[in-house]
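Asker: Sharing a structure here in C-alpha cells format.
Values in this text are rule-based calculations from the coordinates and carry no lab data. Bear in mind the structure is a predicted one, so any value in this text is a computation, not a measurement. Cβ sites come from the backbone with ideal geometry, for glycine too, and all protein chains shown count toward neighbours.
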Amino acid sequence: MPTLQALIFDVDGTLADTERDGHRPAFNRAFKDAGLDWVWSVQLYGELLAVTGGKERIRHYVDRYCPNFERPADFDAFVAGLHQAKTHYYTSLLANGEIPMRPGAVRLLREARADGLRLAIATTTTPANVEALLRYSLHADSLDWFEVIAAGDMVPAKKPAADIYQYALRELGLPASACLAFEDSRNGILSSTAADLGTVVAVNDYTRGHDFSSALLVVDHWGEPDLPFEVLRGEAHGASFLDLGLLRRIHADAQRRRQQV
Ligand code: XBP
Ligand code: MG
C-alpha cells in the first residue's frame, strides 16, 4: 500500500481566507481606477466565485450582469488589463500583511517539512499571487518549501478541471495514491478528485454549504492545539486539529477502501 509522500495544497480559501477581504476589494479597486461603476458586493462575489480564474470571472460578470456594456474592440486585452491592475492591488494587500494564513496551515506545513513530506501547490490564482502570499503571509523563504507551484494559466483548463492537479502530480513524479490534496471549495474538490486525489477540506464562509460528499474529511479550519476544529464530515479519530498523524491515518484508511473496491 503506497505511503503518504506529498501534500498538495490549494491556495485561496485553503492556505488563507483570501477571497472576501482580499481578491474582492482588489477587483473593486481595479474597476474604480478604470472608471467602471462595477462594484462586487460580498454577496455578489460569492455567486461569481462559481467561476474560477479572475479573468474568466470578469468575463462572466460582463456576460451575466452587463448586457449593455459596450465592449472595447480588444475585449481580451481590456480584461487582461483589469486583471493585471487587480493583481497589483491584491499583492499590495498581501505585502501589507492584511491576509493571514488560516488556523493550522503554518503549523501543518512546518510539520510536513520537518517530517520530509514533499509539498506542492495547485491553484487557479496567478503565480504572482501565490508568491506574494507565501512570502508575506507564510515565511520570506517559503517559496522554496514547495517543489511544485502549479498556478493559473499554466494549464489549459482551470478548476473544476483536473488539469492543475494532474500537472502537479506529473511534476512531482508521484501517483495520486501517494498524495493528499487540501481544498476549500466545490470547484476545488471536483478538480482534485478528478485527478484521483484523496482530498481533505476546510470550508469558509463562501463554501460551507458546498457538496463535499467525496471528501475524506471536512473541517471548519485546520485547527491548532488550543483552537480545536469542528468536524463537518468524515472521521477525525478523536483529533481536534489536523496533524501528520491524523493525515497518515486518513490516507491509510482511504488506501484500504480503494483496495476493497
Ligand atoms: C481561487 C480562484 C482564483 C481567485 C482569484 O483559486 O478561483 O481565481 O479567486 O485569483 P484557488 P485570480 O482556490 O484554486 O486557489 O484573480 O488570480 O484568478
Ligand atoms: Mg480555493
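Asker: Can you tell me the 0 to 90 degree angle between the C-alpha axis of helix 54-65 and the longest principal axis of the chain, rounded to 10?
Answerer: 60
Asker: Also, I was wondering about something else. Kindly give the semi-axes, whole Å and largest first, of the ellipsoid equivalent to segment 19-95, taking each as the square root of 5 times a Cα gyration tensor eigenvalue.
Answerer: Equivalent ellipsoid of segment 19-95: 19, 15, 11 Å, largest first.
Asker: What 222 nm value per residue comes from the helices of the chain, counting each DSSP H run with n ≥ 4 as -39,500 (n - 2.57) and dividing by all residues, nearest 500 deg cm²/dmol?
Answerer: Taking each H run of at least 4 residues, the total per residue is -12000 deg cm²/dmol.
Asker: What residues from segment 175-191 fall in the zone where the backbone N is under 16 Å from a label point 7 Å along the Cα-to-C-beta line of R258?
Answerer: Only 175-182 pass the distance filter.
Asker: Checking the cross-link filter: which aspartates and glutamates have an alpha carbon closer than 15 Å to that of K159, excluding same-chain neighbours under 8 positions apart?
Answerer: D10, D12, E56, E183, D184, D196
Asker: Restrict the search to segment 165-229; then list the trypsin sites (Lys or Arg not before Pro) that DSSP places in a loop and that have at most 14 other Cβ atoms within 10 Å of their Cβ.
Answerer: Qualifying residues, ordered by number: R208.
Asker: Compute the acute angle (0 to 90°) between the alpha-carbon long axis of helix 24-33 and the principal axis of greatest extent of the alpha-carbon atoms of the chain; round to the nearest 10°.
Answerer: With rounding to tens, the tilt is 20 degrees.
Asker: Could you work out how far helix 75-95 tilts from the main Cα principal axis of the chain, as a 0 to 90 degree angle to the nearest 10?
Answerer: Tilt relative to the chain: about 60 degrees.
Asker: Per 0.36 nm of contour for each residue apart, how much would the distance between D196 and D33 grow if the chain were fully extended, relative to their Cα-Cα spacing?
Answerer: Extra length available between D196 and D33 comes to 54.4 nm.
Asker: Which is the longest run of the chain containing none of the GluC sites (Glu not before Pro) found in DSSP loop states (not H, G, I, E, B) with at most 12 other C-beta atoms within 10 Å?
Answerer: 71-229
Asker: From zero outward in steps of 5 Å, how is the percent of C-alpha pairs of the chain spread across the bins?
Answerer: Over the chain, the share of Cα pairs per 5 Å bin runs 1, 6, 13, 18, 19, 16, 11, 7, 4, 2, 1, 0 percent.
Asker: To the nearest 0.05, how large is the calculated FRET efficiency for E70 and A128 if R₀ is 30 Å and r is the Cβ-Cβ distance?
Answerer: Efficiency computed from Cβ-Cβ geometry: 0.50.
Asker: Please compute the net charge surrounding D184, taking Lys and Arg as +1 and Asp and Glu as -1 over other residues with Cβ under 12 Å from its Cβ.
Answerer: Result for the neighbourhood of D184: -3.
Asker: Also, I was wondering about something else. Would you mind checking which residues have amide H under 5 Å from I149's amide H? H placed 1.01 Å from N; only 5 or more apart, or other chain.
Answerer: Distant-sequence amide H within range of I149: I121.
Asker: Still on this structure: Just add up the charged neighbours of R113: K/R +1, D/E -1, any other residue whose Cβ is under 13 Å from the Cβ of R113.
Answerer: -2
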